[in-house]
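Trainee: Attaching a single structure in structure tokens format; questions to follow.
The values are calculated or read from the model by the stated rules, or taken from the named source; none is laboratory data. No experiment lies behind these values; they were computed from the predicted model shown. Note: ideal-geometry Cβ built from the backbone for every residue, glycine included; neighbour counts use all protein chains shown.
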Amino acid sequence: MIEQEDEIEMSFSRASGILLHPTSLPGRFGVGDLGAAADEFIDFLEETGQSLWQVLPLGPTGYGDSPYQCFSAFAGNPLLINLESLVEDGLLDQNDIENAPEFPRDRVDYGPVIEFKSALLKKAHANFIHNGSDQVKDEYLAFIGQSGWWLEDYAIYRAIKDAHGGREWTKWDQYLRDREDKAMHFFRENHAVEISAQKFYQYLFFKQWLRLARYANERGVRIIGDAPIFVAHDSADVWANRHLFHLDDEGNPTQVAGVPPDYFSETGQLWGNPVYRWDVMKASGYRWWIERIRQALATVDILRLDHFRGFEKYWIVPAGETTAVNGKWEQGPGADLFDAIKQAFGHSFGDTEGALPIIAEDLGHITPEVYALRDQFGFPGMQVLQFAFGTDPQADEFKPYNYVPNSVVYTGTHDNDTTIGWFTSEGAGMSTRSHDEVGSERDLALKYLGTDGREINWDFIRLALASVADTAIIPLQDALGLGSEARMNVPAREGGNWGWRYRSEQLTPEIRARLAEMAEVYGRNRARTFAKLKQAQ
């Protein structure tokens, strides 16, 4: 991981990797975590010649369990904390985890998992207070000293939220909603344990995450993180920084973010996130964004900026609308923001030595101005093979013969169906495609690939890895050959997302061999070797 004093270096040399959120890892506690199964997944990447692991945002999730709607842009998700490690550290007893409920193996049932893990994390905090070792207490104090600039607001926000039965901050007691000094002081005095617990969970998360990240780096695997452009309204970020967002006097958004009608929805996607007051951010030198990027690059090796087009123009919808149709495009900060980031870090962007390692998610309604902003700073953009065979005029941009090396190709993303699900769909499915368009896409894909489609997932993987794109990322579901039942997210669907998990036995010797062979044949395992050499220097 990138320490603040270290040189920040970027090299998008030819490489490939796997897209998998940690919640999808196997394990017996109902949700993937940062323990042994994560280590085994990194071993799998190393064995198969993959040098990249892409994850979704790692923040604490709220209603709907979406990693793109987190309680903080800086904090980590306590659900990912590994319980066995807490036993090893003396913070839990073995008996605490031996009688864990029988959770589903293939999906995350978030309600029971949250209840189970929250109780044990609370117990671990109590044990820490009464019996914690001097070493753990010293580490904890060092962590809160380094992280206090965001941790204090986050911890008290979570404690107040719990005290109000989980309600969003605009429905709290007015004086706490508005951060009135006397009310805040009184709450701190009377809820010190609850606030301390939230800080402690963050200490545990980052201790375990940074251990895992070191384990990955030592094996030549770099981690690609994800930073959504917008933050959730119900978050410590908005509550503690109301002046940075378009809100009314009671803290409610006056306008919200989304996207116009698109591939996924005829009425657009109404995300509901409050939008930034970019003029206020500019007046502060974009300090909040600079600190956000700094925090992210201290925990991952490469950062993907989600919805990059919103930095050029973003779609705003008046608060109260039920769809995203009645919105309009608003000018974003553009190059001004990235110039400020570049100046703050003292590094440039792009595929050069010493550059900031950022990927631009340039999907959606893209204009020449968006591409110009991306290219001005040398950010690699994204290509999605599932978009290459449609009737949309932009489909040609996703065909491999139009790629440039400074790009990242995916068979699909977390928002897409799996490749097999996409290919075998009998109708439009979870998109705005018609039945005829689905058939035309399938026919063109078969002609383009010169295949009968019996292993369409491997055809797509081969096409991605063989392309000129420097980086190729494959969702694990495609490597495993899974259908729509393994889809991670359906945009604009309110429930049933983010739950898929794999089983360790699904990483078969055949899959391992095929991935390793393709990485070798298409020259994508050299980046892993390069990373190992750099680590040894």
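Trainee: Taking the condition of being among the small types (Gly, Ala, Ser) and either in contact with a strand residue (DSSP E or B) (Cβ under 6 Å, 6 or more places away or on another chain) or closer than 27 Å to Gln295 by Cα (or both), how many residues in segment 129-177 meet it?
Mentor: Qualifying residue count for the region: 7.
Trainee: Would you please list the contacts, defined by Cβ atoms under 6 Å and residues six or more apart or on different chains, that run from a residue in segment 497-519 that is closer than 17 Å to Phe29 by Cα to a residue that is of a type in the set (A, V, I, L, M) and modelled with pLDDT of 95 or more?
Mentor: Gly499/Val108; Trp500/Ala486; Trp500/Met488
Trainee: Going by the structure shown, is Ile229 within 25 Å of Pro357 (Cβ to Cβ), touching an Asp or Glu at 6+ places or on another chain (Cβ under 8 Å) and at pLDDT 95 or above? Show your work before the answer.
Mentor: On the way: within 25 Å of Pro357 (Cβ to Cβ): yes; touching an Asp or Glu at 6+ places or on another chain (Cβ under 8 Å): yes; at pLDDT 95 or above: yes.
Spelling it out, Ile229 is indeed within 25 Å of Pro357 (Cβ to Cβ), touching an Asp or Glu at 6+ places or on another chain (Cβ under 8 Å) and at pLDDT 95 or above.
Trainee: Now, a different point. Restricting to segment 254-270, what's the tally of residues that are surrounded by fewer than 22 Cβ atoms within 10 Å (Cβ to Cβ) and outside any loop (DSSP other than H, G, I, E, B)?
Mentor: So the count comes out to 3.
Trainee: Separate question: Condition (residue is among the charged types (D, E, K, R), touching a helix residue (DSSP H, G or I) at 6+ places or on another chain (Cβ under 7 Å), surrounded by fewer than 19 Cβ atoms within 10 Å (Cβ to Cβ) and within 24 Å of Ser440 (Cα to Cα)) applied to segment 393-401: is it met by at least one residue?
Mentor: Yes, because at least one residue in segment 393-401 is among the charged types (D, E, K, R), touching a helix residue (DSSP H, G or I) at 6+ places or on another chain (Cβ under 7 Å), surrounded by fewer than 19 Cβ atoms within 10 Å (Cβ to Cβ) and within 24 Å of Ser440 (Cα to Cα).
Trainee: Using beta carbons and a limit of 6 Å, which pairs, at least six apart or on different chains, have the first residue in segment 268-290 and closer than 25 Å to Pro318 by Cβ and the second one aromatic (Phe, Trp, Tyr) and modelled with pLDDT of 95 or more?
Mentor: What qualifies is Asn273/Phe230; Pro274/Phe245.
Trainee: In a helix (DSSP H, G or I) and farther than 16 Å from Pro78 by Cα: does that describe Glu194?
Mentor: When the stated conditions are applied, Glu194 does not pass them.
Trainee: Further, regarding this structure: Quick one: would you say Ala213 is assigned to a helix (DSSP H, G or I), within 22 Å of Tyr154 (Cβ to Cβ) and of a type in the set (Gly, Ala, Ser)?
Mentor: yes
Trainee: Tally time: how many residues in segment 230-245 are buried (at least 20 other Cβ atoms within 10 Å of the Cβ) and not in a helix (DSSP H, G or I)?
Mentor: Summing the residues that are buried (at least 20 other Cβ atoms within 10 Å of the Cβ) and not in a helix (DSSP H, G or I) in segment 230-245 gives 7.
Trainee: For residues that are closer than 16 Å to Asp33 by Cα and assigned to a helix (DSSP H, G or I), tally how many sit in segment 61-105.
Mentor: The qualifying residues number 10.
Okay, residues lined up against (1) modelled with pLDDT of 95 or more; (2) assigned to a loop (DSSP other than H, G, I, E, B); (3) within 19 Å of Lys207 (Cα to Cα):
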| site | (1), (2), (3) |
| --- | --- |
| Ile2 | no, yes, yes |
| Glu9 | no, yes, no |
| Ile18 | yes, no, no |
| Thr23 | yes, no, yes |
| Pro26 | yes, yes, no |
| Gly30 | yes, yes, no |
| Ala37 | yes, no, yes |
| Glu40 | yes, no, yes |
| Phe44 | yes, no, no |
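Trainee: Related question: Just one of (1) touching a strand residue (DSSP E or B) at 6+ places or on another chain (Cβ under 8 Å); (2) surrounded by 20 or more Cβ atoms within 10 Å (Cβ to Cβ); (3) free of Cβ contacts under 8 Å to residues at least 40 places away in the same chain trips up Gly378, so point out which.
Mentor: Evaluating Gly378 over (1) touching a strand residue (DSSP E or B) at 6+ places or on another chain (Cβ under 8 Å); (2) surrounded by 20 or more Cβ atoms within 10 Å (Cβ to Cβ); (3) free of Cβ contacts under 8 Å to residues at least 40 places away in the same chain leaves (2) as the failure.
Trainee: Suppose the filter is modelled with pLDDT of 95 or more and part of a loop (DSSP other than H, G, I, E, B); does Gly49 pass it?
Mentor: Details: modelled with pLDDT of 95 or more: yes; part of a loop (DSSP other than H, G, I, E, B): yes.
So Gly49 passes the test.
Trainee: Take Ala183 and decide whether it is small (Gly, Ala, Ser), over 28 Å from the mean Cα position of the chain (by Cα) and assigned to a helix (DSSP H, G or I).
Mentor: Yes, satisfied.
Trainee: As an exercise: evaluate Ser284 against (1) hydroxyl-bearing (Ser, Thr, Tyr); (2) surrounded by fewer than 15 Cβ atoms within 10 Å (Cβ to Cβ); (3) under 25 Å from Pro260 (Cβ atoms) and give the number of the one condition it does not meet.
Mentor: The one condition Ser284 does not meet is (3).
Trainee: Would you tally the residues in segment 391-401 being polar (S, T, N, Q) and part of a helix (DSSP H, G or I)?
Mentor: Qualifying residue count for the region: 1.
Trainee: Could you go through segment 341-358 and let me know if any residue there is under 30 Å from Pro400 (Cβ atoms), modelled with pLDDT under 95 and outside any loop (DSSP other than H, G, I, E, B).
Mentor: yes
Trainee: State which residue is farthest from Ser196 (Cα to Cα) when the search covers only segment 106-158 and only residues that are modelled with pLDDT of 95 or more and not in a helix (DSSP H, G or I).
Mentor: Among them, the one singled out is Asp106.
Trainee: Here is a further query. Name the residue, out of Asp93, Asp106, that is surrounded by 12 or more Cβ atoms within 10 Å (Cβ to Cβ) and either touching a strand residue (DSSP E or B) at 6+ places or on another chain (Cβ under 9 Å) or hydrophobic (A, V, I, L, M, F, W, C) (or both).
Mentor: Numbers: Asp93 fails: either touching a strand residue (DSSP E or B) at 6+ places or on another chain (Cβ under 9 Å) or hydrophobic (A, V, I, L, M, F, W, C) (or both).
Every option except Asp106 fails the conditions.
Trainee: Could you say which residue among Phe116, Phe103 is farther than 16 Å from Gln202 by Cβ and either among the basic types (Lys, Arg) or in contact with a helix residue (DSSP H, G or I) (Cβ under 8 Å, 6 or more places away or on another chain) (or both)?
Mentor: Phe103
Trainee: Say we look at segment 383-392 and pick out the residues that are of a type in the set (A, V, I, L, M) and crowded, with 21+ Cβ neighbours inside 10 Å; which of these is farthest from the chain's Cα centre (by Cα)? Give the derivation first.
Mentor: Taking segment 383-392 first, the residues of a type in the set (A, V, I, L, M) are 384-385, 388.
Subset that is crowded, with 21+ Cβ neighbours inside 10 Å: 385, 388.
On the way: Leu385: 20, Ala388: 24 Å.
Among them, the one singled out is Ala388.
Trainee: So, one more: Which of the following residues is polar (S, T, N, Q) and in contact (Cβ under 8 Å) with a residue 60 or more places away in the chain: Asn190, Asn241, Asn252? Don't jump to the end; show me each part of the working.
Mentor: On the way: Asn190 fails: in contact (Cβ under 8 Å) with a residue 60 or more places away in the chain; Asn241 fails: in contact (Cβ under 8 Å) with a residue 60 or more places away in the chain.
From the options Asn190, Asn241, Asn252, the qualifying one is Asn252.
Trainee: Do you know which of the residues in segment 402-413 that are in a loop (DSSP other than H, G, I, E, B) and in contact with a helix residue (DSSP H, G or I) (Cβ under 8 Å, 6 or more places away or on another chain) is nearest to Arg14 (Cα to Cα)?
Mentor: Thr411
Trainee: For segment 53-90, name all the residues that are crowded, with 17+ Cβ neighbours inside 10 Å and of a type in the set (Ser, Thr, Tyr).
Mentor: Thr61, Ser66, Tyr68, Ser72, Ser85
Trainee: A further question follows. Considering only residues that are among the small types (Gly, Ala, Ser) and out of contact with any Phe, Trp or Tyr (no Cβ under 6 Å at 6 or more places or on another chain), look in segment 372-394 and name the one that is farthest from Ile461 (Cα to Cα).
Mentor: Taking segment 372-394 as the starting set, the residues that turn out to be among the small types (Gly, Ala, Ser) are 372, 378, 381, 388, 390.
If we keep only those that are out of contact with any Phe, Trp or Tyr (no Cβ under 6 Å at 6 or more places or on another chain) too, we end up with 372, 381, 390.
Numbers: Ala372: 29, Gly381: 19, Gly390: 19 Å.
Per the stated criteria, the residue is Ala372.
Trainee: Are there any pairs with C-beta distances below 8 angstrom linking a residue in segment 430-450 that is over 15 Å from Ile420 (Cα atoms) and modelled with pLDDT under 80 to a residue that is part of a helix (DSSP H, G or I) and not β-branched (Val, Ile, Thr), with the two at least 6 apart or on different chains, and if so which?
Mentor: As it stands, the answer is Arg433/Glu441, since those pairs meet every condition given.
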